[in-house]
1. Calculate the tail of P(r) for the range 79-161: the fraction of all Cα-Cα distances greater than 18 Å, expressed in %.
2. Under the rule of at least 5 residues apart or a separate chain, name every residue whose amide H is placed under 5 Å from the amide H of V36.
3. Just name one of A207, P35, G177: the one whose Cα is farthest towards the positive end of the charge dipole of the chain (beta-carbon charges, Lys/Arg +1, Asp/Glu -1).
4. Please report Rg (one decimal) and Dmax (integer) in Å for the Cα set of the chain.
5. Once phi is turned into θ = phi - 60°, what whole-Hz ³J(HN,Hα) does the Karplus curve with 6.51, -1.76 and 1.60 give for every residue of the range 164-170, x standing for Gly and Pro?
6. Residue by residue, what Karplus-based ³J(HN,Hα) values in Hz, rounded to whole numbers, does the range 174-183 have, using 6.51, -1.76 and 1.60 with θ = phi - 60° and x for Gly and Pro?
7. Under 5 Å between amide H atoms, partner at least 5 residues away or on a different chain: which partners does T212 have, H built in plane at 1.01 Å?
8. Run the simple label-point estimate for D146 and R229 please: 7 Å along Cα→C-beta, distance reported in nm.
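Taken together, the values in this text are just the output of simple stated rules run on the coordinates, not laboratory data. All values reported here derive from a predicted model rather than from experimental measurement. Here the Cβ is made from the backbone with ideal geometry for all residues, glycine too, and neighbour counts use every protein chain on show.
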Amino acid sequence: MSDAPPVPLHCFAHAGAGTSAFHGWSAGLGEGVPPVPHLLPGRERRRREPRVTGREALLSDLLDHFRTPAGPYVLYGHSLGALVAYTLARALHEAGLPAPALLAVGACPPPDAASALSDACGASAERLRDMLDAVGAGPGDTVPGDLWRRMVLPVLRDDLTLANALRHAARRPVTGGPFQVPVLAVAGADDPLAPPAVVADWHRWTAGPVITRTLPGDHFFVREHSLPRLLGRACRVVRRLAAHPAPTTTGGPT
């Protein structure tokens, strides 16, 4: 067992979801990688708080948690969560604060690509229901005033509005020098919303190294065991590199 400190994995869920999306991840992540799910306002224990729908409100809620990290850490975001994680990593970089050792994004087109769900943030309840049904996440038949329309749809719509806002904000020029955080971009082999070829285009969003991986499953491969295993391995690579950094070389005659 390594004596190196743990490398926490900070997790951000897809639209409409909370920390329960990462329930049971500890075993899959393995030794030295504690999961740290982050709950956005307006759901679960924070359900009475106003939901965030824009970049500044999001960063106001998150940024203080990352100003003084104890050591290297990794971010993972799934779908909407990928945009949240990217926005956070870039804001830390632009503020001159410690950025993550790795940014992992899953099931999400890069900010300059079309995104069917976030593009439909203002669509009718029927249209959103049909889109969710098509990817296996819909409620089926609904009627005005039912539980889905009263409790689930408002959270989902605000989350899609947030995703749309973050995509547009991401297209602004980066300040503070090139964004060089390494990226791990993960796609589901059968994901109709973010197919592997589209997810691979995240390479344009960092000047650092990019690795792409395709896992079995559809848009919700976050529910499969293969994802935490992959992320656990990636975090342990970060852990080893932090414990045994590559030697630096100096220029000059030899």
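1. It works out to 52 percent of all Cα pairs.
2. Distant-sequence amide H within range of V36: L9, H10, C11.
3. It is G177.
4. Final numbers for Rg and Dmax: 18.6, 78 Å.
5. 5, 5, 5, 4, 5, 5, 5
6. With coefficients 6.51, -1.76 and 1.60, one gets 6, 10, x, x, x, 7, 10, 5, x, 10 Hz.
7. Here A185 satisfy the definition.
8. My value for the distance between the label points is 3.7 nm.
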